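Chemist: Sending over a structure as structure tokens; questions will come in a sec.
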Amino acid sequence: MRVQSTPRALLSSVAVAAVGALALAGCSTGPETPQYSGTLTVWVDADRAAVLEDVAAQFQEERGVEVTLVQKDFGDIRDDFTTQVPTGEGPDIIVGAHDWLGKLVQNGVVAPLELGDKASEFQQVAINAMSYEGQNYGLPYSVENIALLRNTDLAPTAPTTFDELIAMGQASVDAGDSEYPFLVGLDPNAADPYHLYPLQASFGATVFEITPDGTYDPTKLALGVAGGEAFAQKLAEWGAMGVLNTNISGDIAKEEFNAGKSPFYLTGPWNVPAAAEAGINYSIDAIPSAGGETATPFVGVQGFYISSKSENALAANEFLVNYVGTEAVQTALYEVGGRAPALISAFEAAQGDADVAAFGAVGANGVPMPNVPAMDSVWADWGATEVAIINGQGDPVELWQAMVASIQSKIEG
Amino acid sequence: MTTSTPGTTPPLAPRPAATAKPRGVHHPGTPSVRSMLIKISLLAIVDSLAVFALFTLLLKESWVVFGIALAVTLAINYIYLKPGLLPAKYLAPGIFFLAIFQIFVVVYSGYIAFTNYGDGHNGSKEDAIESIIANARTRVPDSPTYRLTVLEQFGTFSFLVTTPEGEVFVGGEDRPLDEAPSARLDSTGKAIELDGYTTLDFGSLIQNQSVIADLSVPLTDDPNDGALRTPDGSSAYLYTSALEYDAEADAIVDTATGERFLDRGDGAFANEAGRELSPGWKIDVGFDNFARAFTEESIRGPLLGVIAWTFAFALLSVGMTFALGLFLAIVFNEARMRGRKFYRIVLILPYAFPSFLSGLVWLGLLNQDFGFVNQVVFGGAAIPWLTDPWLAKASVLIVNLWLGFPYMFLICTGALQSIPDELTEAARVDGARPWAIFRLIKFPLLLVSVAPLLISSFAFNFNNFNVIYMLTGGGPRNVSAGVDAGATDLLITLVYKVAFGSGTGRDYGLASAFAILIFIIVAVVSIIGFRRTRALEDLN
């Protein structure tokens, strides 16, 4: 019996010691300590993490607040953030794309960000993209858009209209120089409304009406205008001609262009390094208009958001606006990711790179991809309808109008 | 050189045996010192973790979880410190992890089915109110940037602001700005100190940031003029709020129009016309989600077709993979076959690939214009494998056959090898032909051991998300019919679309309700299947 009571006494004394130690530890981080003990948690993807390490160290040194960078898969950040913020366990800051914003606001997980006078130092399109219902929510760091990649060996001059592009491409095919008049990566089941959007926009059909301040009015669907129907008819025509082929996926399009099998390729900066590596002599041109108006691509913006439940609001704001929003950091982010900086001074400094300058010029008239929560349903109907039209599965105008009706009903939900 | 007598434990390790003896023989229930120490240190680790968790929970005031954690910790200590209770000592860890990883998850998703949890209803009502108010707070257009110094006096904070014109004001929560001409300025003309107040440096600012970030200093006595707030502690901006929360009436009020948004029990503030403010919050909705599963047009329309196809897909997948797997198992079970091991390894390969990877590979192979199948096998024909509704159905079945037969091959090989050769021999002696031996002897014996696996395979294929999602994404869709479901959509991919993808937003509540419905279907089919299997066993 004595043997038995000893461990028990031992255990209870251990427990008492443990509790005491914890209590002491609690005291030592009490309010008297001059140094702020909290940390700023930032969720970043791998590429961004490397750049932010330096600025995080600088922030800690100058401001005394530790910044913890948590590396996450970019695709997981939005959902994990949305589910974790309400529990109070989420990070203070995340990196994200601007088209997440509507969903983040709808779920109440993102806090407004006051850029103050700094707002004018960013490209207007980036600020517009980071705004939702008149409120700014994020610090942008990059803008990117698609443009026309031209194989200068196969097409020495840039086409001015899309019809001219088709004629030039067809001539190249007829001459036996290339296999495809034009390439764009599509999906057999979902086409790619994002890549086809500039052509649609040249008919004057945006997704939602654009208000005078450059943002979308998500209640007013603009797909159904006459220009949209004209675009639908053209889609059917291009599909029948073989200019558009839904069986040419993004990978196939990239491969075929890099093999020198097409003079034209509608794509973004992310596919340019591979083309250069493949030895293609290329030029980055404006997207030729198909419907008469300027063929403006969607602009995608990436940036940083602050959690609505962050207990480090001031520190997070300071870190983003005065540390990440500086030319040095924006340039470093550009150099790692290859995406053009959102800060005007950094963007101008990056103009030395001809590719960045060329894509920037094309994106200058671009509108941000809509960031309203209803976009998920828009993309699905939009893409499936484009597939049907391109493959001639029905009357293009009827299909287009059916799509508009379907999207309208979902938005009104 | 002592040799142990047969039947006794060889004294290979005399010392542990010697110390172990008293425990088992002389003093039952009195453990050795060493095992006691191990036990105590393990318990100490568990307890220290538990104490840490309890402290965290205590600080967060989550009482329910705190109570559960406390009870579990006490129970663990009781079980392992009290002599005896041997079954509990063995079972406790298993039960603990079962509760965490199985029971909790199942109960929680069951609970979610009765809430409106999803996009727009993501958190608590308090969070929603906070977000609505914060999002409606906008900076007054063209208002200046005030340079700010935060002051402290008797534990309350004040704003010392300098306007662009160089005027200096001081104010605090509910204390409108007042001129402070006596403030000391720095070289840039920014006011930095005021008598009677302590100026906060950045460190103290950060320490009190949650309070300072919430500080709202009225510009004048008239609240409509707006209030100063600071996002960073060094500058202040003038904000007006388009919406305000009336705590007494539990309503959000539009400050411009006076319109009131009330909590109408739908987990959101809504006005008379039914327009809801975003975000809303999570509430319990009872059986609404189950009702929606059967009444909502976007789901009900395609539901019957999708259920029929799901059953067809699951049954055909099981049937085809079993037939092929069994055939190959019989062929490769033939002792006269050379190189059996090599063939068997090759046949297992599809099973070794992750199914979503195989899905992507097959997606490329079946491409209408560029895929290997059309280009090489069919000599350049343009067969729309994945874009024609019926061919797409056939394609997913074929790919699933390719993915699934190795499993069936494996279990059939195992089952065949466990059937005693004597039975076959006896039948042969009795003059039975090979087909009769197979049909009347081997196959029924095989089914006894394989049938439960066929049922589980059915349940697996019923929810075979990977193959469908990677190969066709549920498509092709008939857009002119106005139906969201595609030709190859299974129940599970349709649910995924409705709940996570192309619908109007993520709806975890509806998804959980569907998960429960799917579980019921699969459970019913499985129960019937297992009943039949038991009958099969009785036969033998």
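Chemist: Give me the distance in nm between label points sitting 7 Å out from Cα along the Cα-to-Cβ direction at B:Ile441 and A:Val70, one decimal.
Modeler: Going by the 7 Å Cα→Cβ label model, 6.4 nm.
Chemist: On to the next question. With helices defined as uninterrupted DSSP H runs, which ones in chain A have an alpha carbon span along their own long axis of at least 20 Å and mean Kyte-Doolittle hydropathy of at least -1.0? Provide the component values of the computation, followed by the final result.
Modeler: Working: long enough: A:2-28 (39 Å, 1.05); A:46-63 (25 Å, -0.53); A:226-241 (23 Å, 0.06); A:375-390 (22 Å, 0.66); A:396-412 (24 Å, 0.28).
Helices meeting the span and hydropathy rule in chain A are A:2-28, A:46-63, A:226-241, A:375-390, A:396-412.
Chemist: Next question, about the same structure. Which whole-number percent of Cα pairs in segment B:294-539 have a distance greater than 32 Å? Intermediate results must be reported in sequence, preceding the final value.
Modeler: Values: 9874 of 30135 pairs.
Beyond 32 Å sits 33 percent of the P(r) for segment B:294-539.
Chemist: Once Lys and Arg get +1 and Asp and Glu get -1 on their Cβ, which of B:Ala451, A:Val207, B:Ala71 lies farthest toward the positive end of the dipole of the protein assembly as shown?
Modeler: Of B:Ala451, A:Val207, B:Ala71, it is B:Ala451.
Chemist: Normalised by the empirical 2.2 N^0.38 Å for globular proteins, what value does the Cα Rg of segment B:187-256 take? Intermediate values should be presented prior to the final figure.
Modeler: On the way: Rg = 15.4 Å, N = 70, 2.2 N^0.38 = 11.1 Å.
Relative to the rule-of-thumb radius for its length, segment B:187-256 sits at 1.40.
Chemist: Could you work out, residue by residue across A:368-381, how many beta carbons of other chains sit within 10 Å of that residue's beta carbon, and then give the average as an integer?
Modeler: Across A:368-381, the average partner-chain Cβ count within 10 Å equals 3.
Chemist: Something else: Given 4 °C and 1.567 mPa s, how large is the Stokes-Einstein diffusion coefficient of segment B:125-270 in µm²/s, with Rh as the Kirkwood radius over Cα pairs?
Modeler: On the way: Rh = 16.4 Å.
It diffuses with D of about 79 µm²/s by this estimate.
Chemist: On to the next question. Taking loop as defined by DSSP and a crowding limit of 16 other beta carbons within 10 Å, which chymotrypsin sites (Phe, Trp or Tyr not before Pro) in segment B:432-485 fit? Numbers along the way, then the final one.
Modeler: Numbers: sites: B:Trp435, B:Phe438, B:Phe458, B:Phe460, B:Phe462, B:Phe465, B:Tyr469; in loops: none.
Passing both the DSSP loop test and the Cβ count: no residue.
Chemist: Which Cα, out of B:Phe294, B:Ala511, B:Ser32, lies furthest along the positive dipole direction of chain B (beta carbon charges, K/R +1, D/E -1)?
Modeler: B:Ser32
Chemist: Roughly what would the spin-label model give for B:Phe96 and B:Glu425, points 7 Å off Cα along C-beta, in nm?
Modeler: So the label points at B:Phe96 and B:Glu425 sit 5.4 nm apart.
Chemist: Taking the Cα centre of segment B:294-539 as origin, sum charge times position over the Cβ atoms of Lys and Arg (+1) and Asp and Glu (-1), and report the length of that vector in debye to the nearest 20.
Modeler: On the way: 17 positive and 14 negative charges, 108 e Å.
Once rounded to the nearest 20, the dipole reads 520 debye.
Chemist: I want to verify a result. In a Gaussian network model of chain A, Cα cutoff 10 Å, which of these has the top mean-square fluctuation: A:Asn145, A:Asn189, A:Asn128?
Modeler: A:Asn189
Chemist: Based on Cβ point charges of +1 for Lys and Arg and -1 for Asp and Glu, what charge dipole magnitude is obtained for segment B:125-270 about its Cα centre, in debye rounded to the nearest 20?
Modeler: On the way: 10 positive and 28 negative charges, 89 e Å.
Its charge dipole is roughly 420 debye.
Chemist: If you build the Cα gyration tensor of chain B and take the root of 5 times each eigenvalue, what three semi-axes come out, in whole angstrom, biggest first? Could you put the intermediate results ahead of the total?
Modeler: Values: eigenvalues 840, 343, 106 Å².
Semi-axes, largest first: 65, 41, 23 Å.
Chemist: Could you tell me whether segment B:128-191 comes out rounded, prolate or oblate from its Cα gyration tensor? Rule is a ≥ b ≥ c as square roots of the eigenvalues, rounded for a/c under 1.5, then prolate if a/b exceeds b/c, otherwise oblate. Write down the numbers at each step before the final one.
Modeler: Values: a/c = 2.65, a/b = 1.50, b/c = 1.77.
The shape class here is oblate.
Chemist: Quick one: what Rg and Dmax do you get for segment B:286-387 from the alpha carbons, in Å?
Modeler: Calculated on Cα positions, Rg and Dmax stand at 20.5, 64 Å.
Chemist: Starting from the Cα-Cα distance between B:Ala432 and B:Met36, subtract it from 0.36 nm times their residue separation and give me the gain in nm to one decimal.
Modeler: Details: separation 396, 0.36 × 396 = 142.56 nm, distance 6.63 nm.
Residue separation times 0.36 nm, minus the Cα-Cα distance, leaves 135.9 nm.
Chemist: Please list A:102-112, B:343-353, B:215-225, A:214-224 highest first by mean number of surrounding beta-carbon atoms within 10 Å per residue. Before the final figure, lay out each step's value.
Modeler: Details: A:102-112: 26.3, B:343-353: 13.5, B:215-225: 15.5, A:214-224: 17.7.
Final packing ranking: A:102-112, A:214-224, B:215-225, B:343-353.
Chemist: Using only alpha carbon positions, build the gyration tensor of chain A, then give the equivalent ellipsoid semi-axes as the square roots of 5 times its eigenvalues, largest first, whole angstrom. Provide the component values of the computation, followed by the final result.
Modeler: On the way: eigenvalues 476, 115, 91 Å².
Output for chain A: semi-axes of 49, 24, 21 Å.
Chemist: Once every DSSP H run of n ≥ 4 in the protein assembly as shown is given -39500 (n - 2.57) and the sum is divided by its residues, what mean residue ellipticity at 222 nm do you get, rounded to the nearest 500 deg cm²/dmol? Let's see the in-between values first.
Modeler: Working: 35 runs with 469 residues, N = 953.
Value at 222 nm, helices only: -15500 deg cm²/dmol.
Chemist: Just how many pairs of Lys in chain B have C-alpha atoms closer than 29 Å, counting pairs that are eight or more places apart or on different chains?
Modeler: Number of lysine pairs found: 12.
Chemist: Still on this structure: Which of the lysines could be linked to A:Lys254 by a straight reach, that is with a Cα gap under 28 Å, when you skip same-chain ones fewer than 8 residues away?
Modeler: Output for A:Lys254: A:Lys72, A:Lys234.
Chemist: Between B:Ile527 and A:Gln233, what FRET efficiency comes out of the Förster formula 1/(1 + (r/R0)^6) with R0 = 56 Å and r the beta carbon distance, rounded to 0.05?
Modeler: Numbers: r = 56 Å, r/R0 = 0.99.
That pair, A:Gln233 with B:Ile527, gives E of 0.50.
Chemist: According to a simple spin-label model (label point 7 Å from Cα along Cα-to-Cβ), what is the distance in nm between B:Arg175 and B:Arg534?
Modeler: In this crude spin-label approximation the distance works out to 7.9 nm.
Chemist: For segment B:320-348 and segment A:286-364, compute the distance between their C-alpha centroids and round to whole Å.
Modeler: So the separation of the two Cα centres works out to 58 Å.
Chemist: Okay, moving on. Calculate the mean, over all residues of peptide B:369-382, of how many other protein chain Cβ atoms lie within 10 angstrom of the residue's Cβ.
Modeler: Details: counts 6, 8, 1, 0, 0, 1, 0, 0, 0, 0, 0, 0, 0, 1.
So the per-residue partner count for this stretch is 1.
Chemist: If you don't mind, another one. Would you list the membrane-span-like helices of chain B, meaning whole DSSP H runs whose alpha-carbon atoms span at least 20 Å along their axis and whose mean Kyte-Doolittle value is at least 1.0?
Modeler: B:33-60, B:63-81, B:297-333, B:389-418, B:443-462, B:508-539
Chemist: Here's something else I'd like to know. What's the FRET efficiency of B:Ala44 with B:Tyr111 using the Cβ-Cβ distance as r and R₀ = 56 Å, to the nearest 0.05?
Modeler: Computed FRET efficiency for B:Ala44 and B:Tyr111: 0.95.
Chemist: Then there is this: Running Debye on segment B:33-112 with equal point scatterers at the Cα sites and no solvent, what base-10 log of I(q)/I(0) appears at q = 0.10, 0.11, 0.15, 0.21 Å⁻¹?
Modeler: -0.30, -0.36, -0.65, -1.09
Chemist: Treat every Asp and Glu Cβ in the protein assembly as shown as -1 and every Lys and Arg Cβ as +1, leave all other atoms uncharged, and give the resulting dipole magnitude about the Cα centre to the nearest 20 debye.
Modeler: Values: 54 positive and 101 negative charges, 1452 e Å.
Here the protein assembly as shown has a charge dipole of around 6980 debye.
Chemist: Please quote Rg/Rh for the protein assembly as shown to two decimal places, taking the Kirkwood radius as Rh and restricting both calculations to Cα atoms.
Modeler: On the way: Rg = 34.4 Å, Rh = 33.3 Å.
When Rh is taken as the Kirkwood radius, the ratio is 1.03.
Chemist: Using 1/(1 + (r/R0)^6) with R0 = 45 angstrom and r between the beta carbons of A:Ala274 and B:Ser210, what's the FRET efficiency to the nearest 0.05? Working shown, then result.
Modeler: On the way: r = 48 Å, r/R0 = 1.06.
Result of the calculation: an efficiency of 0.40.
Chemist: Once you average over the residues of A:308-319, how many Cβ atoms of partner chains fall within 10 Å of each Cβ? If you can, show how the numbers build up before the last one.
Modeler: Values: counts 7, 4, 3, 3, 4, 9, 14, 7, 4, 7, 8, 1.
For this peptide, the per-residue mean of nearby foreign Cβ atoms is 6.
None of the figures in this text is laboratory data; all of them are computed from the coordinates on show. Predicted model only: the values in this text are computed from it and were never measured. Using ideal geometry, Cβ is built from the backbone for each residue, glycine included, and neighbour counts are taken over all protein chains shown.
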